[in-house]
1. For the range 102-157, please list each of the helices (runs of 4 or more DSSP H) lying entirely inside it that holds at least 1 residues being touching a residue at least 40 places away in the same chain (Cβ under 8 Å) and small (Gly, Ala, Ser).
2. Taking the criterion of being within 16 Å of ligand 1 (Cβ to nearest atom), in contact (Cβ under 8 Å) with a residue 12 or more places away in the chain and in a helix (DSSP H, G or I), would at least one residue in the range 70-79 satisfy it?
3. Given the criteria surrounded by fewer than 16 Cβ atoms within 10 Å (Cβ to Cβ), more than 16 Å from ligand 1 (Cβ to nearest atom) and hydroxyl-bearing (Ser, Thr, Tyr), does Thr221 qualify?
4. Can you name the residue in the range 229-250 that is loosely packed, with under 10 Cβ neighbours inside 10 Å and part of a loop (DSSP other than H, G, I, E, B) and, of all such residues, is farthest from ligand 1 (Cβ to nearest atom)?
5. Is it the case that Ala207 is in contact with a Ser or Thr (Cβ under 9 Å, 6 or more places away or on another chain) and outside any helix (DSSP H, G or I)?
6. Gly129: within 16 Å of ligand 2 (Cβ to nearest atom), out of contact with any Gly (no Cβ under 9 Å at 6 or more places or on another chain) and of a type outside the set (S, T, N, Q), yes or no?
7. Kindly indicate whether Ala144 is more than 16 Å from ligand 2 (Cβ to nearest atom), closer than 30 Å to Lys7 by Cβ and touching a strand residue (DSSP E or B) at 6+ places or on another chain (Cβ under 9 Å).
8. Within the range 54-64, which residues are surrounded by 15 or more Cβ atoms within 10 Å (Cβ to Cβ) and within 19 Å of the chain's Cα centre (by Cα)?
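Every number in this text was worked out from the coordinates using simple rules, so none of it is lab data. Keep in mind that what you see is a predicted model, and the values were worked out from it rather than measured. For neighbour counting, all protein chains shown are included, and Cβ atoms are generated from backbone atoms with ideal geometry for every residue, glycine included.
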Amino acid sequence: MAAKLLKGADVAKEIREELKAEVEAMKAKYGVVPGLVTILVGENPASQSYVRAKQKTAHELGFYSVQDNQPADLSEDKLLALIDKYNKDPKIDGILVQLPLPKGVDENKILLSIDPGKDVDAFHPVNVGKLMIGKPDYLPCTPAGIQELLVRSGAPIEGAEVVVVGRSNIVGKPIAMMLMQKGKGANATVTVCHTRTKDVKFHTKRADILIVAAGVTEYVTGDMIKPGAVVIDVGVNEVGKTADGKRILKGDVAFEAASEVASAITPVPGGVGPMTITMLMKNTVRACKVHNNIKD
Ligand SMILES: Nc1nc2c(c(=O)[nH]1)N[C@@H](CN(C=O)c1ccc(C(=O)N[C@@H](CCC(=O)O)C(=O)O)cc1)CN2
Ligand SMILES: [Mg+2]
């Protein structure tokens, strides 16, 4: 069986077109556009490329967008002062601090300093708490992208056995929380596996929907997948470079073998990654509407 490809890149494009029309309508009717600042501390090449992609997308959608690059040795106090400036800036609806931050900066303290109403990553404890009780203002971008991809591709989530491999604050924990909630695109039975799980394969083999964010290249092999499962691969691992210097990427799932067993699978690249950036734009549009009291 050759699995159907869940092309996040295509779905993301569709959503961006919807958002672009929404932004144009807001501009025409209310004279406002969403404002997004992305703050990058240091020169991590992957982070540089992600914030570039975020800025490019924001620009294409007609946002007011600011890229704020800071040196790796920026003090915690200066970063807090910078965030405070954007918290108070009426042109800015969404503030994103690219992670990871350099060593020595307390990530939790930084995330806590972002105005929860401008926290378009949904990493502030207020937004994490709202998600937990099923009343989110913003959904974290990668989990929101996964859920949207599952919904738009028609994967049955209601009552499904979902197994998540990985328990990070960015992906594993929030996607588990989202899919176990009551409501559309949820109502699943969720199991979370992690580095101390005794028999990961026992769990993954039972999954109707398997979400892998293990951070280990090709961690999930074909024999760990239930025939007909929907497989979502969140991993982005650079395993080498082509002769012309392009990055060779692999996911956390052994793609070829998994495709023989699964009914549907996300590719890497072009699966979950592009959805992440698009969901950030969706959150920023929402933030702008809230800040301007726009109800439609
Ligand atoms: N503040 C945040 N920091 C980080 C987040 C986040 O959501 N907010 N997530 C990740 C990185 N990330 C976005 O920031 C991200 C990762 C991957 C992709 C993506 O499109 N991947 C492509 C491959 C691109 C490549 O590396 O060549 C794909 O999978 O097709 C987008 C965003 C950690 N930090
Ligand atoms: Mg504004």
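1. 141-152
2. There is at least one residue in the range 70-79 that is within 16 Å of ligand 1 (Cβ to nearest atom), in contact (Cβ under 8 Å) with a residue 12 or more places away in the chain and in a helix (DSSP H, G or I).
3. Numbers: surrounded by fewer than 16 Cβ atoms within 10 Å (Cβ to Cβ): yes; more than 16 Å from ligand 1 (Cβ to nearest atom): yes; hydroxyl-bearing (Ser, Thr, Tyr): yes.
It is true that Thr221 is surrounded by fewer than 16 Cβ atoms within 10 Å (Cβ to Cβ), more than 16 Å from ligand 1 (Cβ to nearest atom) and hydroxyl-bearing (Ser, Thr, Tyr).
4. Let us first name the residues in the range 229-250 that are loosely packed, with under 10 Cβ neighbours inside 10 Å, namely 240, 242-246.
Narrowing the set further to residues that are part of a loop (DSSP other than H, G, I, E, B) leaves 242-246.
On the way: Thr242: 12, Ala243: 17, Asp244: 15, Gly245: 13, Lys246: 9 Å.
Within the range 229-250, the match that is farthest from ligand 1 (Cβ to nearest atom) is Ala243.
5. yes
6. On the way: within 16 Å of ligand 2 (Cβ to nearest atom): no; out of contact with any Gly (no Cβ under 9 Å at 6 or more places or on another chain): yes; of a type outside the set (S, T, N, Q): yes.
Here the answer is no, as Gly129 does not meet what is asked.
7. Criteria not met by Ala144.
8. Scanning the range 54-64 gives Lys54, Gln55, Thr57, Ala58, Leu61.
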